[in-house]
Each structure stands twice: as C-alpha cells, then as structure tokens.
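Take a look at the structure set out below.
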Amino acid sequence: MFAFAQRRGAFHHSSLLKRAGTVAVAFLIAACQPLGQAGPSAGGQSGQMIDPSQPVAVALLAPGGSGNANLDWLSRSLKNAARMAAADAQGAQIDLRIYDAGDDAGLAVARANEAVDAGAKVILGPLFAESANAVGNAMAQRNVNVLSFSNNADVAGGNVFVLGNTFANIADRLVGYGTRNGKRRILSVSEDDVAGQVGARAIETAIARNGATLAGRITHPVSITGIDSVTPQIAEAARSGRVDAIFMTANNQAVLPYLTEKLAAAGVSSQVTQFMGLTRWDEPSSRLEMPQLQGGWFALPDNTRKAEFEARYRAAYGEAPHELAGLAYDGVAAIAANIRAGKRDAVAKSGLTQRAGFAGVDGAFRFRPDGTNQRALAVATIRGNQLVILDPAPRGFGGFGF
C-alpha cells in the first residue's frame with residue numbers, strides 16, 4: 001500500500017527501497033502513526049440530531065491546495081465522488097459544502113470549525129490521520145461526528161469514525177478464509193517500519209480471533225540487504241512442515257516483488273507454502289504476470305460495484321478517479337441512506353453504527369461502535385496471469401441497509 005521504486009532496474013541500490021515515491025506513501029505513513037483517541041469514550045452517544053425532512057449540511061474536508069499534483073488529483077476525486085453521491089441521494093437532501101484543508105492539521109481544524117459555524121451537522125474527512133485526530137478532538141467539544149478517510153484504526157473512537165479499509169479488515173478476512181481451508185499455522189513476515197508493524201499486529205490479532213496459530217514472527221528492514229538477510233529464515237520455516245501459510249505485510253510497493261522473487265529462488269512459493277498478502281497483489285496490473293505471485297491470496301472489494309462507479313465517474317468528469325475516491329461516495333451515501341429512512345440520528349453515533357450497515361462503492365460496510373469499520377471483502381488469487389476470485393465478497397451483514 002506504499003508506493004516505492006519499481007522492480008528490477010530500481011534495485012541497484014538498497015536505498016531506493018527507502019525512498020518515498022507518491023502521495024500514497026505520505027497518506028499511509030500518516031495513517032499509521034499511533035495517535036490519541038479523539039472525543040468521548042467509545043460507548044457513549046455522539047453527534048447531532050437532524051430533521052430528515054430538511055436539507056442536511058455535510059462538510060467535506062478535502063486535501064486540496066497543497067500544490068502536490070497527486071494529492072490534488074486525490075482531492076478532486078473525493079470532491080467529485082461526494083457530489084455524485086449527493087446527486088444520487090433520492091429521497092434525501094444533502095447540502096454538501098466543500099473545504100480545502102491541504103495536509104495541515106491546524107488548517108483542517110480551522111476549516112472544520114468554519115463549517116460547523118456555518119451549520120454543518122457532520123464532517124466528512126479529513127484524509128490524514130494526524131488531521132483526523134486533531135479535527136476529532138476539536139469537534140468533540142461541539143458534539144459533531146467526523147467520518148475520516150483515514151484507514152488508521154488508532155484514530156477511531158468517540159466521535160471519529162474511519163472510512164478507509166483497515167489492515168484489521170484485510171487480515172481477518174484472509175486468516176478466516178485460511179483457517180476454513182486448512183491453513184491454520186501462519187508465519188508473519190513484516191517490515192520494521194511503522195506501517196509494517198501496524199500490519200503485523202493486525203495479522204496476529206486476526207490469527208488469535210480466528211483460532212489459528214502464530215507459527216513465527218519475522219521482521220525485516222525495508223532494504224535489499226534486509227530482505228536478503230531474512231530470506232533463508234523464511235525458507236527454512238516453510239520447509240519445516242510446521243507452517244501452513246506465510247502472511248506478508250509487504251506494504252512498500254517494491255518489497256512484495258523482490259521478497260517473493262527471492263523466496264521463489266530459494267524454492268518457496270504458494271505451491272509449497274501458501275502465500276498471503278496484506279496488500280493488493282493485482283495492482284499494478286503488471287504484477288499479474290509475475291511467476292512468484294501466482295497462487296498467492298489477497299483481499300479486494302467487490303469489483304462489480306467499483307467498476308460501475310469508475311465508469312460513471314469517467315463519463316461525468318473525463319478522467320479516472322483516484323482509488324480512494326469511493327470513500328467520499330460511501331460517506332455521503334451512508335448519511336443519505338439514514339436520512340431517507342427518516343432517522344433523526346442519521347449523523348449521530350447510533351444511526352451510523354446500525355448493524356445492517358450500508359451498500360458502498362467497494363461493497364457492503366458498517367461502522368463499529370469503536371469507530372472502526374467492517375468491510376465485506378473478496379478473497380482473490382492470481383492464476384495463469386489472471387485475477388481469480390476464490391471467495392466472493394458478502395453482499396451485506398443481514399437486515400436492511402440501503
């Protein structure tokens with residue numbers, strides 16, 4: 001989920017594995033810093049009551065105005081996706097108000113206060129975890145809920161809910177699928193950076209939750225020499241007969257191709273010991289042709305809904321949406337669903353955490369009372385250089401969503 005230098009030609013020097021390359025890096029590094037919980041305790045009510053028969057003011061804090069081209073594209077995508085969702089809100093009136101907050105926490109707080117002063121009942125965004133934490137603390141004093149685009153579970157809680165797909169979601173889905181298919185003894189392999197260690201904790205939590213066994217824990221630096229140093233250890237564990245699966249965080253884009261290539265050279269692949277990945281193995285699409293990734297398991301959202309959204313977006317705005325654009329659509333659409341159902345607590349905690357959840361661009365999702373989310377994910381693999389769905393994403397959580 002981090003973007004780093006590309007494979008082969010970029011591996012002449014280990015330092016290339018340490019150099020950030022795109023906005024995705026900044027987002028996810030920020031989204032993995034442990035931060036204090038915002039707002040009141042997770043068990044209490046939070047948020048404004050509304051009149052569902054009247055327009056509801058929703059403020060979007062977008063990361064625009066930073067001067068970074070990639071971040072501006074992401075910002076534009078979030079804004080446009082939110083507009084699409086507001087336009088789609090049949091039976092609900094969304095008064096969408098958009099504010100540029102860049103990547104600065106102080107500016108995000110100022111914009112959030114400006115929005116609430118102007119009548120906003122809920123905040124959608126911001127993107128970065130530090131900003132989400134700061135906005136959450138400020139809005140807790142005003143009893144306003146914050147639906148952040150972050151995937152950092154550490155900032156969730158009280159009046160802050162995270163829309164991003166968390167490591168915990170992905171790990172739980174894959175470990176659960178693995179245990180049902182005989183892969184119960186799992187070796188964790190992770191980077192030694194912040195994101196890698198957050199991912200490793202998610203894997204270990206999922207192993208415990210699903211009654212599997214942690215067969216070992218291997219951590220490596222984000223470098224050529226770091227990966228080279230642990231490859232023999234991983235290969236030995238795979239050949240020992242005491243490991244059913246190797247679960248890799250591989251958050252840095254360059255790590256996955258190189259690590260799995262080294263393991264393949266050592267005689268270890270999914271045909272020997274099942275590989276699992278915390279990141280998308282089908283992106284970029286060139287990975288589908290990598291021999292060492294064939295047969296590995298990873299999770300992804302409902303591609304049908306995502307494809308429909310992307311086609312509509314391109315037709316409306318003349319460009320492809322950023323991969324995170326769907327988060328803004330989901331946030332607005334969830335609020336609209338509650339308004340359409342006539343709920344006065346549409347943007348309050350009790351309304352947002354309804355057990356049935358919502359139908360989003362990336363499939364069904366719901367907010368948990370602790371501010372984290374649960375997203376319905378598919379389990380996929382690569383077979384014959386093609387993406388293959390092994391277990392489709394569930395369509396819902398039961399009951400009525402929208």
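Quick one: net charge around residue 94, please, counting Lys, Arg +1 and Asp, Glu -1 for every other residue with C-beta under 13 Å from its C-beta. Show your work: numbers first, answer last.
Values: positive: 83, 97, 121, 340; negative: 88, 95.
Taking every Cβ under 13 Å from that of residue 94, the sum is +2.
At 0.890 mPa s and 25 °C, plugging the Kirkwood radius over alpha-carbon pairs of segment 167-300 into Stokes-Einstein gives what diffusion coefficient in µm²/s?
Diffusion coefficient, whole number: 171 µm²/s.
List the lysines whose alpha-carbon lies under 25 Å from that of residue 349, not counting same-chain residues fewer than 8 positions away?
Correct list for residue 349: 79, 121.
Can you give me the C-alpha center-to-center distance between segment 97-156 and segment 284-318, rounded to a whole angstrom?
One Cα centre to the other: 30 Å.
How big is the chain along each principal axis, measuring the range of its Cα positions in Å and listing the largest first?
64, 44, 42
Please give every one of the aspartates and glutamates within straight-line cross-link reach of residue 306, meaning a C-alpha to C-alpha distance under 19 Å, and leave out same-chain neighbours fewer than 8 residues apart.
88, 282, 283, 319, 323, 330, 362, 391
Contour minus end-to-end for residue 307 and residue 323, with contour as 0.36 nm per residue of separation and end-to-end as the Cα-Cα distance? Display every interim value, and only then the final one.
On the way: separation 16, 0.36 × 16 = 5.76 nm, distance 1.12 nm.
Difference between extended and current length: 4.6 nm.
Give, as a single signed number, the net charge of other residues whose beta carbon lies under 15 Å from the beta carbon of residue 396, with Lys and Arg counted +1 and Asp and Glu -1.
+2
Would you compute, from DSSP H runs of 4+ residues alone, the mean residue ellipticity of the chain at 222 nm, taking -39500 (n - 2.57) per run and dividing by the full residue count, rounded to the nearest 500?
Working: 11 runs with 144 residues, N = 402.
Calculated mean residue ellipticity at 222 nm is -11500 deg cm²/dmol.
Each value in this text was obtained by applying a stated rule to the coordinates, not by laboratory testing. Worth saying up front: this structure is predicted, and the values here are computed from it rather than measured. For neighbour counting, all protein chains shown are included, and Cβ atoms are generated from backbone atoms with ideal geometry for every residue, glycine included.
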